[in-house]
Each structure stands twice: as structure tokens, then as C-alpha cells.
Amino acid sequence: MHYKFALVGNPNCGKTTMFNEITGSTQYVGNWPGVTIEKKEGKAKKFKEDIKIIDLPGIYSLSPYSMEEIIARDYILDEKPDVLINIIDATNIERNLYLTTQVIELGIPVVVALNMMDAVEAKGDQIDIRALEKAFGVPIIGTSANKGKGINELLHKALEVAESSALTHGTSACKFYDEQIEKCIGEIENTIVPSLTVKAQNPRWTALKLLEGDEKAKEKLNVSAKVLDQIKVYQEKLEKVYDNDMETIIADNRYRFISKSISKAVKKKSAGGELTVSDKIDKVVTHRILAIPLFLAVMLGIFQITFGAIGSFTIDWVDVLINETIAGTVSGWLEVSGAAPWLHDLVVNGIIGGMGSMLVFVPQIMILFFFLAILEDSGYMSRAAFVMDRLLRKLGLSGKSFIPMLMGFGCSVPAIMSARTLENEKDRRLTIILTLFMSCGAKLPVYALFVSAFFAKDQAWVVFSIYVLGIIVAVFSGVILKKTVLKGETAPFVMELPPYRIPTFKGLSIHMLDRGKDFVKKAGTIIFAAAVVIWFAQSFSFSLQMVEDPGNSIMGTFGKIIAPFFAPLGFGDWKSSVALLTGFVAKEVVVATLGILHGLGEVGEDTASLAATLQTSFTPLKAYAFMAFTLLYMPCVAAFGTIKREMNSWKWTLFTVGYQTGVAWIVAFIIYQGGRLLGFN
Amino acid sequence: MPLTMLTPGKEAIINVCKAKDSTKKFLEGLGIIPGVSISVISEMSGNLIVSVKGSRLALNKGVAGQLLVQMC
Ligand SMILES: Nc1nc2c(ncn2[C@@H]2O[C@H](COP(=O)(O)OP(=O)(O)O)[C@@H](O)[C@H]2O)c(=O)[nH]1
């Protein structure tokens, strides 16, 4: 038999951990809402039946107001999984059960996983699972996902439910509301729902949604004005009785039902009210005066380790491995086997050199993501967003924009994706545009090359100034865009602060290895292809003759055409123009292209000799303008694709790319021309 | 009075939520609805960390000001 089980639950309930335990796959484990918004699927291992597990986004309710909620609800209603596994954080049971009431109402068989039971027991609290089962009318299994406990039992239960409901069809929905409301729901169900043009699959749920005034449901059901008037009578009646608006009445009723059930089933050891350990940590971490210095110290520490001595050590190490050991060995083989010179050139300089320029960063990027994973899994990330909210609000952004921007220093692709946590579309667009100005890890080799050639004495400071330049441009852009094309109110900042947890080694390594794998995959596909194409375009002319002077090659000819565009910025030679163009493939390629075009890339030749060659065509001022342009201009193709997907609009994608390139040109122009006026060279 | 005026450590009951619909719905999912007790854990230049139904929520000054509470 084939079955489909979907996982639903609040953010931070342990859903990702559970998903990984069940499917045994190695996925990205996140701690802030939104990470699981991608549709993740897996198969239940250890089961002979074919069970597909779908991980739905973490949500607090099924009212369709955020992207995640709509995705989850549409999936459940349209795809009809056989069983919904609702995961609940047992340490926060009351709030988590709110979603459960809504999930049960959908009319699809539900099994509840009462997760984090280990934490409940550690606190000395008791939960009477049988009593809860009775109150909610669904099977409930206690689990501890991070210890792998209860998961088999949970799946067996779900399987049992799936098998039996295939026979009985549907479950009798539990009634959560008081008499008056139930009476209205019943009447709507019996009189109005049958008259709808679109046949309702779940009459009770449809009746409830109509009463609640759910916009999405009304849209889907194609409700006529007449029906709306009939519903209005019920709504007005109830609103008068309860002296509140309809949505609040329903929500209140659900919470009342939950409180009542909980009061009987849950015995807390402590009365609550006193400050928890997390609260005490928060008193320091979000302290009025200490918060910002603490935050800066954390960031500085991460940057020191990632981009400082340890990070550069890994770069040198991989550099030697690829460009000397591997390139040398392969070159030896090719010579022995008598390969044609062009083939030797393609493999050693084109492919190994080109891919190597990207692969050297894999360890560094993994280190950065290791730290980001610690920030997320420990719970500090959401505090940092809270602390930064006040500052970012001045730029028209919310604290939630902070996470994408921070990730932007690693790689724009996951950074852009993490902007999904912003509810408001304009906030999301603005955040994506500004995130791109955060200098991504792939641009670092470009800076590294130029500073070693032109700013040998103040390398760290010059690179730092480039990072700051990106932030300054982002600040100005934020203010300008918010006042023009992206006008509108910034969404309020409301975020759950999960309790601090010590990150598990398993969770962190999954994060880190996943990232590393992504990059290696990218190197193996896009960069590989690019390396071959670039090599070809600079080795052959338009008449497909192999050329001695790259200036006559396809790339050289093309570069000479676009070079005048860059002339006012100080680097109007065709080699720089071509290098920047190839940066669209991936930013590291800029260095690789410069290497290839300046006739390097031979075994044993390293960055030092390329730097020396560059000194003949650049000056320090030109070099700085070039770095600034590299920092700001359009993103690489992977980021471009992600922008398109996330903004879901060609217009905005092209605007973003155009805006970036325009800003890059202007800033580089100001640096070069302004610098010359001031007498720099 | 608005939630922003509640002294940290004190508990109050939420009376009215004046936020716009989408925010209000989101807050409902997080347990912030009229009749529920809320307390302020800490304050940072107007932005608050509050405790509602045992969970901790961060609210910026703007939303906090839209929640009217009553001392109990
Ligand atoms: N004590 C305890 N912690 C858990 C359990 N399940 C997950 N966690 C931790 O809770 C945090 C959030 O889990 P995650 O799977 O990322 O939650 P998600 O946001 O729902 O996907 C992680 O730090 C997990 O290690 C559990 O059963 N007991």
C-alpha cells in the first residue's frame, strides 16, 4: 500500500528533528520559522509499507494570512494526505493545541505527537495522555524526537489510522465550541452549505469557515452575495451576544476548550510565574545597554574565526591540495599519455583551475554556516532579530530582515530564501534587495587578490572597508527605496522566542555538511560548465581557430565592445570587463578569469604572480573602484534564479538586478573620479 | 491602558487588540486574544518580551501599544 503522511506543527516544536528521524535523511535543521517552507519529502525508513512523509511549513494557525499558512492549508485540502501527524511541543502545550483544534477540523485523520516529553519529565510535570485523547478525540503518542523515542510507535499508530480510515471514510469531528456557536454551525451546515455552487467536501468545516468569514475559503467556494447575506445574520447575532467580532469569538472558544481540557490533563509541578533560566539569560542578552555590544561581540567573533587565521588557513590548505597536488598529478598523467596541448590546457587550466577557484572556499563557508547553525539552534538568532528591530525599523525594515542580511555575508542564495519569514511582501522585496549588498563569501577571493597586490600593508582594513561600504549602500538604499517604489508600513515585529537550548552536535553537523555539499554540487555543475565555456571562449576566435593572443579570441572581441562602459570607472581594459561579466556565473570566477586572461593558471603559478601582473594594468585607486563594483553589481546566476523564484515577478527581479548594477556603476564612478580629483592614484 | 505601560513583572488581562486584521490573526495563533493574561518579562526601549500561556513572545513597541490591557 502507498500512504502519504504530512507533518504539521508550530515552529520550534521539533518538526525538522522528527522529519529527519523518520526519514533518516540529512536535511537542513533550522530553528526559526520559515526554514521548512520548502516542501520536503522523504520515505519512512524501517517500514515495509511505502510511506511518503511530507514536511509542511511550521505554522501557528491555519488562518490563511501568511505564505506558510496558505501553503500548508492548500496542501492539506488539495492533496489530502492519508494522515496528518500534528507535532506538539509538550512544554508549551496550551498554545500548540490551538493549531491542533484547527487541524482536527479539516476532517482528515489526525495523530498527535506530543513531543519533547523528555523536557516535560525533566521539569517534573505530568501529562495525562489518555485524558487528552478523550477530550480531542484523536490518538496521541508521547515522543522525544531528538532522542528518537516514541517515533516507531507514532508511525505504527498513524499506519493503523490510515488503514482503518480507508474503510470508514472520514472521522466524526470533535466539537470545540459552546452551544450557541455549535447551533449556528449546524444550521449553516444543513441549510446554506448544500446550496453552494461548489460542492463542499467537508460540510462542517465549510460551515465554520463561512461563519468565521475566511476570505480564502469564500474565494474557493465562489460564494454568492445572497449566501453572504444569510451568513451575516448569524454573524451579527453572535457578535451581539458575545460583544466581540466573529473571528475573536471563534478563537476565544477554541482557547477556552483547550484550557478546560488542559486543566484536567496537565499537572504542573511549579505554578509558573517565576522567571525561567531563559528569562534570566534574556535579561542580559536583550538588556537596554548590553544588548548591542554583546551582539557586536558575537558577530565580530564569528567573523574573526571565519575570515581570520583559521579561515585563511583552510583556504591555503585546499589551494595547495587542488592547484598543486591535484593539478600537478593530472598534468603529469596527461603528459605521460601524450595528450594534445589543447586538452592539457582545457583540463589543467580550464577545469581544475576554474573549479578550484570555487572549491577553496568550501571549508570557510562550512565554518560560517556552522556558526550560523549554532546561533539558530541555540535560540540566539531570534533574540538578535529582536535586538536589531529598533535599528532596522529606522530604515523601514523589521528585525526579521536581520537574519537574511546576516546570512548574506555567507551566500546570497539561502539568505534570499530566509527572507520568507517576513510576512509583508514589500518588506520581503526590500530585504532581498538590501541583502544582496552584504558582501557574500564568494566575493572574498576578488578582494583577497586585489588587496594583496595593491594594499599589502593594510589588507584587513581595506577588506573591512569594502564590507562597510556594502552596509552603507544598503542603508541609503533602504531609506530611498522605502520612500519611493517600496512605500508602505513595515509589518510589526512579533516573534516567538524559543527557550535557549544547547545545540546538538548532530543538528550542527547536518547543517554544515549540507551547505558544503551544496557548494561542491555547484562547483561540479555550474562552475564546471562555466570553466569549460570560458576556457573555450578565450582560446578560440570567432572562426573557431585556436588563438595565441586571447585579445583576438571570442571573449576578447566581446570584451573590447563592452569595455568603454567601464572606462569612466577606471578599468576600461577588456580583460577586466570580461572578468566582471563572467562573474555572473559565480563571483569567484572573476579571479579565475583574470588568471586565465593574464596567461596564468599554469601549475605552480599562484595568486602572488597574478597580483604582480595586475600591477601593470591597475593602480590602487582603480583596484578599489573595481572591488567596489564587484561588491555591488548584479548577483550571480544562482542568486538571480533565487530572486526570481522568491519575488515571483520578472519586473521586480529585473529591477533588482538593474538597480544593483546602476548603484555599482555610480559608486565606482564616484570612487574613481572623486579619488582622482582628490589627487589619489 | 496600552501594554507598553505595564511594569515588567506585573500581570494583566488583555482587553482589546487594535492591530489590523492580519496581525490580529497572527497574534491569535500565538495566544494573544482578549481575556488572556499576559505579563512583561523584560523591556528594551519600548520593545517587549512578554509571557503568554507559558511561551515567550517578542513584540515591538508599535504592536505592544495596540494591545490594551487591564490590571487584574
Ligand atoms: N528536549 C527536546 N528537544 C527537542 C526535541 N525535539 C526537538 N528538540 C530540539 O528543539 C529544537 C527545535 O527543533 P527543530 O526540529 O529545529 O524544530 P522545528 O522548528 O519545528 O523544525 C532543536 O534544538 C531540537 O534539538 C525533544 O523531543 N526533546
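Might you check whether a residue that is over 24 Å from residue A:422 (Cβ atoms), away from the ligand (no atom under 15 Å from the Cβ) and within 14 Å of another protein chain (Cβ to nearest Cβ) occurs anywhere in the stretch A:111-125? The answer is no; no qualifying residue exists. For residue A:426, are the conditions met, namely being closer than 26 Å to residue A:498 by Cα and among the charged types (D, E, K, R)? The answer is no for residue A:426.
Which residues, counting only those in the stretch A:496-519, are within 14 Å of chain B (Cβ to nearest Cβ) and either over 22 Å from residue A:383 (Cβ atoms) or modelled with pLDDT under 90 (or both)?
Result: A:501, single match.
For residue B:49, all conditions in the list (1) in contact (Cβ under 8 Å) with a residue 40 or more places away in the chain; (2) within 9 Å of another protein chain (Cβ to nearest Cβ); (3) in a strand (DSSP E or B) hold save one; what is the number of the exception? Result: residue B:49 fails condition (1) only.
When the stretch A:482-502 is filtered for residues that are surrounded by fewer than 20 Cβ atoms within 10 Å (Cβ to Cβ) and either within 16 Å of the ligand (Cβ to nearest atom) or assigned to a helix (DSSP H, G or I) (or both), the ones remaining, listed by number, are A:482, A:483, A:499, A:500, A:501, A:502. Condition check: away from chain B (no Cβ under 14 Å) and within 26 Å of the chain's Cα centre (by Cα). Does residue A:62 satisfy that? No: the conditions fail for residue A:62. Being assigned by TED's automatic domain parsing to the domain that holds residue A:497 and either in contact with a His (Cβ under 9 Å, 6 or more places away or on another chain) or under 30 Å from residue A:135 (Cα atoms) (or both) is the requirement here; does residue A:300 meet it? No: the conditions fail for residue A:300. Contact annotation: residue pairs with Cβ atoms under 9 Å, 6 or more positions apart or on different chains, pairing a residue in the stretch A:69-89 that is free of Cβ contacts under 8 Å to residues at least 40 places away in the same chain and over 14 Å from residue A:10 (Cβ atoms) with a partner that is within 16 Å of the ligand (Cβ to nearest atom) and not polar (S, T, N, Q), are A:71/A:37; A:71/A:39; A:71/A:56; A:71/A:57; A:71/A:59. One residue alone among A:226, A:260 is more than 10 Å from chain B (Cβ to nearest Cβ) and at pLDDT 90 or above, and that residue is A:260. Within the stretch A:605-652, count every residue that is touching a residue at least 40 places away in the same chain (Cβ under 8 Å) and not in a helix (DSSP H, G or I). Going through the stretch A:605-652 one residue at a time, the tally reaches 7. Within the stretch A:556-583, residues that are of a type in the set (D, E, K, R) sit with their Cβ atoms under 7 Å from residues that are in a helix (DSSP H, G or I), at 6+ positions apart or across chains, in these pairs: A:560/A:574; A:573/A:563; A:573/A:617; A:575/A:559; A:575/A:594; A:575/A:597. Taken over the stretch A:442-466, the criterion of being in contact (Cβ under 8 Å) with a residue 60 or more places away in the chain and over 20 Å from residue A:314 (Cβ atoms) is satisfied by A:450, A:453, A:454, A:455, A:462, A:466.
If I filter the stretch B:15-33 for residues that are buried (at least 18 other Cβ atoms within 10 Å of the Cβ), in contact with a strand residue (DSSP E or B) (Cβ under 9 Å, 6 or more places away or on another chain), at the interface with chain A (Cβ under 7 Å from one of its Cβ atoms) and more than 27 Å from residue A:381 (Cβ to Cβ), do I get at least one hit? Yes, the conditions are met somewhere in the stretch B:15-33.
Can you say whether residue A:505 is over 30 Å from residue B:47 (Cβ atoms) and within 16 Å of the ligand (Cβ to nearest atom), as far as the supplied structure shows? In short, yes.
Scanning the stretch A:313-335 for residues that are without any contact (Cβ under 8 Å) to a residue 24 or more places away in the chain and surrounded by 15 or more Cβ atoms within 10 Å (Cβ to Cβ) yields A:330, A:334. Of everything in the stretch A:396-420 that is within 14 Å of chain B (Cβ to nearest Cβ) and not in a helix (DSSP H, G or I), the residue that is modelled with the lowest pLDDT is A:396. Once the stretch A:130-146 is narrowed to residues that are at pLDDT 90 or above and within 15 Å of the ligand (Cβ to nearest atom), the residue that is surrounded by the fewest Cβ atoms within 10 Å (Cβ to Cβ) is A:142. For the stretch A:71-84, the criterion of being in contact with a strand residue (DSSP E or B) (Cβ under 7 Å, 6 or more places away or on another chain), crowded, with 20+ Cβ neighbours inside 10 Å and assigned to a strand (DSSP E or B) is met by at least one residue. Taking the stretch A:298-334 as the range and being over 12 Å from residue A:364 (Cα atoms) and in contact with a helix residue (DSSP H, G or I) (Cβ under 7 Å, 6 or more places away or on another chain) as the test, the residues that pass are A:322, A:323, A:326, A:327, A:330, A:331, A:334. Please name all residue pairs, on different chains or six or more residues apart, with Cβ atoms under 7 Å, provided the first residue is in the stretch A:12-27 and is within 7 Å of the ligand (Cβ to nearest atom) and the second residue is modelled with pLDDT under 85 and among the polar types (S, T, N, Q). Close Cβ pairs satisfying both conditions: A:12/A:31; A:15/A:36; A:16/A:27; A:16/A:36. For the stretch B:52-72, the set of residues classified as at the interface with chain A (Cβ under 8 Å from one of its Cβ atoms), in contact with a Leu (Cβ under 9 Å, 6 or more places away or on another chain) and either outside any helix (DSSP H, G or I) or free of Cβ contacts under 8 Å to residues at least 24 places away in the same chain (or both) consists of B:52, B:53, B:55, B:56, B:57, B:58, B:59, B:60, listed by residue number. Among the helices (runs of 4 or more DSSP H) confined to the stretch A:116-219, the ones with at least 2 residues that are touching a residue at least 60 places away in the same chain (Cβ under 8 Å) are located at A:129-136, A:151-168, A:179-187, A:203-212. Please tell me if residue A:468 is out of contact with any helix residue (DSSP H, G or I) (no Cβ under 8 Å at 6 or more places or on another chain) and either assigned to a helix (DSSP H, G or I) or crowded, with 20+ Cβ neighbours inside 10 Å (or both). Spelling it out, residue A:468 is indeed out of contact with any helix residue (DSSP H, G or I) (no Cβ under 8 Å at 6 or more places or on another chain) and either assigned to a helix (DSSP H, G or I) or crowded, with 20+ Cβ neighbours inside 10 Å (or both).
The values are calculated or read from the model by the stated rules, or taken from the named source; none is laboratory data. Since this is a predicted model, take the numbers as computed values, not measurements. So basically every Cβ, Gly included, is an ideal-geometry build from the backbone, and we count neighbours across all protein chains shown.
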